[in-house]
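Chemist: Take a look at the following structure, please.
The values are calculated or read from the model by the stated rules, or taken from the named source; none is laboratory data. The model shown is predicted, which means the values in this text are computed figures rather than measured ones. Please note: Cβ atoms are built from the backbone with ideal geometry, for glycine as well, and neighbour counts cover all protein chains shown. In case anyone asks, the SASA skips ligands and DNA or RNA and just uses the protein heavy atoms, side chains included. Shrake-Rupley method; radii C 1.70, N 1.55, O 1.52, S 1.80 Å.
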Amino acid sequence: MAGHNRIDRPGTAEDAWASWPELRRLPVAHPQAWQSVVVVAAHPDDEVLGVGGTMAMLAAGGARLRLIAITDGEASHPGTDPAVIARTRVDESADALDRLGARDIDVVRLGLPDTGLAAREHELSDILGEQCAGFEVCLAPWEGDAHADHEAAGRAARRAARRAGQNAMTYPVWMWHWAVPGDRRVPWRRACRIALPAEVADRKRSAIDAFASQLTDREAGLGPVVPPDVVAHFTRSQEVLLR
């Protein structure tokens, strides 16, 4: 990405998204009809932020679920032993899945390098092709999210899903921070929404809280990886997917 990273710039407040009527007019998707779903996450917490509510509904409905965790998120805390951070984030992810009610989900951890997925994209596409085989739907980070790992994961997942004849959909994470309502950089024509019942939204909020390492201040005066104004984008009563 040329120039400044859009993620590092001041973001769009959740109030702006909440007051944008087009968000509530998106076509409604019905994940209750999906029998088997594989969720791809570039880092621990991506899956919960993006589609935690959807995962909770799928688990409650008895769908076959697999989570492919590409990295262990070991680069989130500069200056701290990456192995320690990786163990922390893997434990947090397990706790979050339990809070979602997805206790029977099949978790596959690839252990690829955090912040290094762009260089491994074609290899990742082959791996995902193997790991996604036999699933009806693939949910992965959006390939336009402005985070290099998210984008590489999204592109690799779409290629793998195309080869397998699967229904591939992507979920935005950082887009809610750097984009604005109606932003032309976002393919809204491909967007759909999944309504979250109140009890599912509550489960998702609890699952987000499991990622304490990402929500609290880091060392050396750094703030949280995911500050409260960003978390606010993921506590809505709906989730958005891009087809």
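Chemist: Condition first: small (Gly, Ala, Ser), at negative phi and part of a loop (DSSP other than H, G, I, E, B). Now tell me which residues in the range 208-238 satisfy that.
Modeler: Within the range 208-238, 210, 223, 237 meet the criteria.
Chemist: Could you tell me whether any residue of the range 130-140 is among the β-branched types (Val, Ile, Thr), in contact (Cβ under 8 Å) with a residue 60 or more places away in the chain, over 16 Å from residue 67 (Cβ atoms) and surrounded by 18 or more Cβ atoms within 10 Å (Cβ to Cβ)?
Modeler: No, the range 130-140 has no match at all.
Chemist: Moving on to the next point. Give me the pairs, please: first residue somewhere in the range 11-23 and free of Cβ contacts under 8 Å to residues at least 24 places away in the same chain, second residue anywhere and assigned to a helix (DSSP H, G or I) and open to solvent by less than 60 Å² (accessible area, probe 1.4 Å), beta-carbon distance under 9 Å, and either six or more positions apart or on two chains.
Modeler: Final answer for the pair search is 15/232.
Chemist: Limited to the range 163-184, what total is found for residues that are touching a residue at least 24 places away in the same chain (Cβ under 8 Å), small (Gly, Ala, Ser) and assigned to a loop (DSSP other than H, G, I, E, B)?
Modeler: Qualifying residue count for the region: 2.
Chemist: Taking the stated definitions as given, is residue 115 polar (S, T, N, Q) and open to solvent by 50 Å² or more (accessible area, probe 1.4 Å)?
Modeler: Spelling it out, residue 115 is indeed polar (S, T, N, Q) and open to solvent by 50 Å² or more (accessible area, probe 1.4 Å).
Chemist: Taking into account only those residues within the range 192-243 that are small (Gly, Ala, Ser) and within 30 Å of residue 25 (Cβ to Cβ), which is surrounded by the fewest Cβ atoms within 10 Å (Cβ to Cβ)?
Modeler: The extreme case among them is 198.
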